[in-house]
Structure formats: structure tokens, C-alpha cells
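Read-outs: derived from the displayed coordinates by stated rules, not from any lab. Because the structure is a prediction, the values reported are computed rather than measured. Counting neighbours? That spans all protein chains shown, and the Cβs are built from the backbone with ideal geometry, glycine included.
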Amino acid sequence: MQGTIGLANKEPHRSQVFRITYKGQDYQLVMLKKELSRQDTEVPILLDGTDQKLVKKGDSWFFEHIDSDQHFATEIWRNLSLRYRI
């Protein structure tokens, strides 16, 4: 996570940095989209300095290219939806 802090300072966007703890490990999350709504099916994020995309399939959220941890993607969406009250 040390590299994430330095990387976030160089990014041109000015989004708020969220901290998420999942399974005892801390992550930093930056939304790369200006607005968030309940109808969104794709949400680009910066997760610990790595570009990721959350994709909604049915009623569940997944990482676009990673099928291994659907629960983590759902937890990220839950935190974002609580923050933006959607």
C-alpha cells in the first residue's frame, strides 16, 4: 500500500480516497467516475493503485477480469452505495 499513496498524489483526478478493510487487510479505493447511481452496471475504480472495474451481473457485483473474489467486489459496492446513499 505504500506505493498507492505516492501514485494517488500524481493522478489528475481529485476523488476522495476511501479506506476499506476486508478480511483483516486494508485497501485504498478511489472512484474514477464522477457520479454514481443505482442504475450503473459498471464502476471504474482505482484499488490500491491498480485500475479495476466493478461489473454488475444479475444482482451481484464482480471484478471485470477477476472471478475469484465476488464477495470483495460486493463489499466495495456496498460501501460506495452507503457513502453516496443510493
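State the volume of the convex hull built on the alpha-carbon positions of segment 37-86, expressed per residue in Å³ and rounded to an integer.
Dividing the Cα hull volume of segment 37-86 by its residues yields 77 Å³.
What is the gain in length, in nm to one decimal, between residue 56 and residue 79 on full extension, counting 0.36 nm per residue of separation less the C-alpha to C-alpha distance?
Stretched out fully, the residue 56 to residue 79 stretch lengthens by 6.8 nm.
Once you put a point 7 Å from the Cα of residue 38 and another 7 Å from the Cα of residue 15, both along the Cβ direction, what distance in nm separates them?
Inter-label distance under the simple model: 2.2 nm.
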